[in-house]
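Visitor: Input: one structure, supplied below.
The values are calculated or read from the model by the stated rules, or taken from the named source; none is laboratory data. It should be emphasised that the depicted structure is a prediction, and the values quoted were computed from it without experimental measurement. In this analysis, Cβ positions are derived from the backbone assuming ideal geometry, glycine residues included, and neighbour counts consider all displayed protein chains. To get the accessible areas, we keep the full protein, side chains included, count just its heavy atoms, and leave off ligands, DNA and RNA. Shrake-Rupley method; radii C 1.70, N 1.55, O 1.52, S 1.80 Å.
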Amino acid sequence: MSLRGQITRFAARDPGPHARIAGFMAHLRAQGWPVGVAETEVCLTALTCLPEPSEAHVRAALRAVCCGSAEDVSRFDALFDAYWRNGGRVRTRVAPSGSKPGQKSGAHAPTAPGRSKEQGKIDRPDTGDGDGDSAGDMSGKLVAAKGRNLMTIDLRELIAPKDIQAAEAIATRLGAALRDRRSRRRKAARRGQGLDFRRTVRRSLASGGEPLHLAMRKRPDRPVKLTVLVDVSGSMSVYARPFLAFLAGLIRADTTAEAFLFHTRLVRVTGALRDDDPLRALGRITLLADGMGGGSKIGETLQQFAKGPARRCVDGRSVVVILSDGYDSAEPQTVGTALETLAKRGCRIVWLNPLKGWKDYAPVAAGMSAALPHLDLFAPANTLASLAALEQEFARL
Amino acid sequence: MTVDSLKADLAGQGYVAENDLAMALHLALSLERPLLLEGAAGVGKTEIARALAAAQGRELIRLQCYEGLDAAQAIYEWNYQRQLLSIRAAAEDGETGQAVEQRLFSEEFLLERPLLRALRRPTSPVLLIDEIDRADEEFEAYLLEILADYAVTIPELGTITAMSRPIVILTANGTRDLSDALRRRCLYAYVDYPSTETELNILAARCPQVSQHLGQQIVGFVQALRREDLEKTPGIAEMLDFSAALGGLGLADLSEDPQAVSVALATLLKTSADRASITTEVAQRLAGKAA
């Protein structure tokens, strides 16, 4: 093999292949992969089943055992190379550094400084702003300036823990108001529409074959899955506080809910918000929501959502809640098509617009008017209290 | 058995597998572990179970999942009508209550559904659990026991262990996220749309009557079509239908008769929006690029 020179040379005291596979598993685990002892064992057994110990075969075998999703498959090669091909030096963060340059093209200026924040410099966000500045000067005026300004705001200063507690209560109530979708499955119940034959027959044994006691089954109600998308672009920054608190509360109260932030990009924050400590959760989404307060591309991000994550988390039993003012920097018609795609998944769509509460408000923003025909509910919301007041509306959905 | 011989066996059934998929299958066979296949619709996930069963002379047992699928339809059910009749008959014969109960919940009255049937075959079958992501979370929980121990517990009868372990293939196309527990029990392979070379091989295996020149054009055209922004991307089955349609229309070259190609597009594009976006001109442009 011509690449032999690059293959990791293990130390002479290395105890053998078992330890190396275990080391590889530890390497994957360090990257957050859910692999444990059982997988190590399967890997070792798998290797004994290979016809020849060539690199391609080993790679394919380990991939089949260790991966669990399409995303894993796309990351696997880089991780494999980092461990087995890197002269023994294991880089700790392989995948992000590899994928960065590609993503950057075409991104708005405010995202650039944030990217550098991703690596953990939460206290001094300004350090990464050098290249962001120049990029901002080229493409944007107001947008870029605002982007920098808000970048220094830590969400933990913005939102108090008691806000989150209040939001948790509201989110629970809103969730409860939505719980009305029937399951397709039947379950034993005291009264219901269908006979439970299994129990009826068993009971009729006692009465010599006469089904005296009829056991019934019914279709139980199932909770609705909530997916919330919050616009955190510049124009929405004044409302960020109640909405993010709501988001944090919702995710903590409802284990099936999903949360996304969007500005010029779409970011899934469910995982971060599910952190045990509410304040640490906010710290984590501060890191994730890098372009906050910048421009907005509602149509594009909604399209991205409809074609990507929605396929996984939105179905006929979902309600998608969008919190946005509808001010879009891109082609407004894309909002319409995105919502149309989303509606085809069978979900109900709720758009909460903070501006709707204003006197004489009319949805004239082009993006907003394109969205209207696809909405099941269009309501005002700008504070936690106004969100709580939506309970009635939600129950009617 | 090696990976290459497995590939050759599958090819004998007209299934051209890429290397990663063949390796995952090989491991699933040798380690006796379930294999989870994910990928877009129409990339041949279901077909592989069929090809594997045919290549190895095993029985194929298929369970199509849907929302609301429950144990009674997937694992087993008691034959209630027979049980009721039997109770009546027993009363007339004067059988004791205990004897009746013993008999009522015996194998005689058990209706096997696909999962139990797969466990009770003397020779190991291929069990295809199709579109597992359409079933709900409760059903996944039933599956976990079966996939971990290859056993089913029936309260009245006890635990039934597999006579021979079935080869389990699960398919999913991302309707919903599968639980980590299920993923961890399975080997995994992501099936993508085939590369040009593989797709040419598939076409040659399935439609040998298509000439090499036309075959290359068809594959190039379909691959170009997959790069377009469509609601429903055409899969392999659609590509094969398309070549069959062109064969039926007697075309030897895609640029020969734009109208006929446009008509044959009905086999590739399955929504009105897609149909509208790929006009005769666009189709010719794609075909031109492909040629």
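Visitor: Might you let me know whether segment A:279-290 holds any residue that is polar (S, T, N, Q), open to solvent by less than 20 Å² (accessible area, probe 1.4 Å) and modelled with pLDDT of 75 or more?
Guide: No, because not a single residue in segment A:279-290 is polar (S, T, N, Q), open to solvent by less than 20 Å² (accessible area, probe 1.4 Å) and modelled with pLDDT of 75 or more.
Visitor: A further question follows. Those residues that are within 12 Å of B:Val222 (Cα to Cα), among the aliphatic types (A, V, I, L, M) and either assigned to a helix (DSSP H, G or I) or not assigned by TED's automatic domain parsing to the domain that holds B:Ser211 (or both), I need them from segment B:265-291; list them, please.
Guide: B:Leu265, B:Ala283, B:Leu286, B:Ala287, B:Ala290, B:Ala291, listed by residue number.
Visitor: Can you pull out the helices (runs of 4 or more DSSP H) entirely within segment A:8-107 that have at least 1 residues that are modelled with pLDDT of 85 or more, more than 14 Å from chain B (Cβ to nearest Cβ) and open to solvent by less than 50 Å² (accessible area, probe 1.4 Å)?
Guide: Passing ranges, in order: A:17-30, A:70-84.
Visitor: Within segment A:240-277, how many residues turn out to be open to solvent by 50 Å² or more (accessible area, probe 1.4 Å) and either within 13 Å of the chain's Cα centre (by Cα) or under 17 Å from A:Trp351 (Cβ atoms) (or both)?
Guide: The qualifying residues number 5.
Visitor: Next question. Can you name the residue in segment B:240-264 that is assigned to a loop (DSSP other than H, G, I, E, B) and not small (Gly, Ala, Ser) and is also most open to solvent (accessible area, probe 1.4 Å) among such residues?
Guide: The selected residue is B:Glu256.
Visitor: Also, I was wondering about something else. Could you identify the single residue in B:Gly44, B:Gly68, B:Gly14, B:Gly39 that is at pLDDT below 90 and closer than 17 Å to B:Cys186 by Cα?
Guide: B:Gly39
Visitor: Please determine, by comparing only the residues of segment B:223-232 that are farther than 12 Å from B:Leu203 by Cβ and surrounded by fewer than 20 Cβ atoms within 10 Å (Cβ to Cβ), which one is nearest to the chain's Cα centre (by Cα).
Guide: It comes out as B:Lys232.
Visitor: Identify, by number, the condition in (1) closer than 30 Å to A:Glu210 by Cβ; (2) within 14 Å of chain A (Cβ to nearest Cβ); (3) among the acidic types (Asp, Glu) that B:Asp136 doesn't meet.
Guide: (1)
Visitor: Further question on the same structure: Inspect segment B:228-239 for any residue being part of a helix (DSSP H, G or I) and without any contact (Cβ under 8 Å) to a residue 40 or more places away in the chain and give the result as yes or no.
Guide: no
Visitor: If a residue has to be of a type outside the set (A, V, I, L, M, F, W, C) and either at the interface with another protein chain (Cβ under 10 Å from one of its Cβ atoms) or in contact with a Cys (Cβ under 9 Å, 6 or more places away or on another chain) (or both) to count, how many in segment B:67-78 make the cut?
Guide: The total comes to 4.
Visitor: Okay, next question. Residues that are open to solvent by 20 Å² or more (accessible area, probe 1.4 Å) and within 30 Å of B:Ile236 (Cα to Cα): find the helices (runs of 4 or more DSSP H) completely inside segment B:115-215 holding 2 or more of those.
Guide: B:180-185, B:196-206
Visitor: I've got another one for you. Among the helices (runs of 4 or more DSSP H) contained in segment A:146-237, which hold 3 or more residues that are at pLDDT 80 or above and within 14 Å of chain B (Cβ to nearest Cβ)?
Guide: A:197-204
Visitor: Looking at (1) in contact (Cβ under 8 Å) with a residue 40 or more places away in the chain; (2) more than 14 Å from every other protein chain (Cβ to nearest Cβ), find the lone condition where A:Leu273 falls short.
Guide: (1)
Visitor: Additional query: From the list B:Ala273, B:Ala237, which one is loosely packed, with under 15 Cβ neighbours inside 10 Å and of a type in the set (A, V, I, L, M)?
Guide: Result of the check over B:Ala273, B:Ala237: B:Ala273.
Visitor: Within segment B:178-204, track down each residue that is free of Cβ contacts under 8 Å to residues at least 40 places away in the same chain and away from chain A (no Cβ under 14 Å).
Guide: Answer for segment B:178-204, where residues must be free of Cβ contacts under 8 Å to residues at least 40 places away in the same chain and away from chain A (no Cβ under 14 Å): B:Thr196, B:Glu197, B:Leu200, B:Ala204.
Visitor: Which residues, taken from segment B:1-57, are of a type in the set (D, E, K, R) and in a loop (DSSP other than H, G, I, E, B)?
Guide: Residues satisfying the conditions are B:Glu18, B:Glu32, B:Arg33.
Visitor: Given the options B:Tyr15, B:Tyr66, name the one that is of a type outside the set (A, V, I, L, M, F, W, C), within 30 Å of A:Arg202 (Cα to Cα), within 19 Å of the chain's Cα centre (by Cα) and not assigned by TED's automatic domain parsing to the domain that holds B:Leu240.
Guide: B:Tyr66
Visitor: Right, B:Thr159: more than 14 Å from chain A (Cβ to nearest Cβ), more than 21 Å from the chain's Cα centre (by Cα) and either touching a residue at least 12 places away in the same chain (Cβ under 8 Å) or closer than 23 Å to B:Ala51 by Cβ (or both) or not?
Guide: For B:Thr159, the condition - more than 14 Å from chain A (Cβ to nearest Cβ), more than 21 Å from the chain's Cα centre (by Cα) and either touching a residue at least 12 places away in the same chain (Cβ under 8 Å) or closer than 23 Å to B:Ala51 by Cβ (or both) - is not met.
Visitor: While we're on this one: With the checklist (1) among the small types (Gly, Ala, Ser); (2) open to solvent by 40 Å² or more (accessible area, probe 1.4 Å); (3) part of a helix (DSSP H, G or I) in hand, flag the one item A:Ala370 doesn't pass.
Guide: Going through (1) among the small types (Gly, Ala, Ser); (2) open to solvent by 40 Å² or more (accessible area, probe 1.4 Å); (3) part of a helix (DSSP H, G or I) one by one, A:Ala370 breaks only (2).
Visitor: Now, a different point. Please give the number of the condition A:Phe260 fails out of (1) outside any loop (DSSP other than H, G, I, E, B); (2) closer than 30 Å to B:Gly97 by Cβ.
Guide: (2)
Visitor: So, restricting to helices (runs of 4 or more DSSP H) that lie completely within segment A:266-343, which ones have at least 2 residues that are farther than 26 Å from A:Glu71 by Cβ?
Guide: So the answer is A:278-288, A:333-343.
Visitor: I've got another one for you. Hey, any hits in segment A:319-327 for a residue that's more than 14 Å from chain B (Cβ to nearest Cβ), modelled with pLDDT under 80, touching a strand residue (DSSP E or B) at 6+ places or on another chain (Cβ under 6 Å) and open to solvent by 30 Å² or more (accessible area, probe 1.4 Å)?
Guide: Checking segment A:319-327: not a single residue is more than 14 Å from chain B (Cβ to nearest Cβ), modelled with pLDDT under 80, touching a strand residue (DSSP E or B) at 6+ places or on another chain (Cβ under 6 Å) and open to solvent by 30 Å² or more (accessible area, probe 1.4 Å).
Visitor: Also, I was wondering about something else. For the subset of segment B:79-107 comprising residues that are of a type in the set (S, T, N, Q) and in a helix (DSSP H, G or I), which member is nearest to the other protein chains (Cβ to nearest Cβ)?
Guide: Applying the filter and picking the extreme gives B:Gln83.
Visitor: Same structure again: Any residue that is in contact with a His (Cβ under 6 Å, 6 or more places away or on another chain), within 14 Å of chain B (Cβ to nearest Cβ) and over 22 Å from A:Ile251 (Cβ atoms) - is there at least one of those in segment A:330-338?
Guide: no
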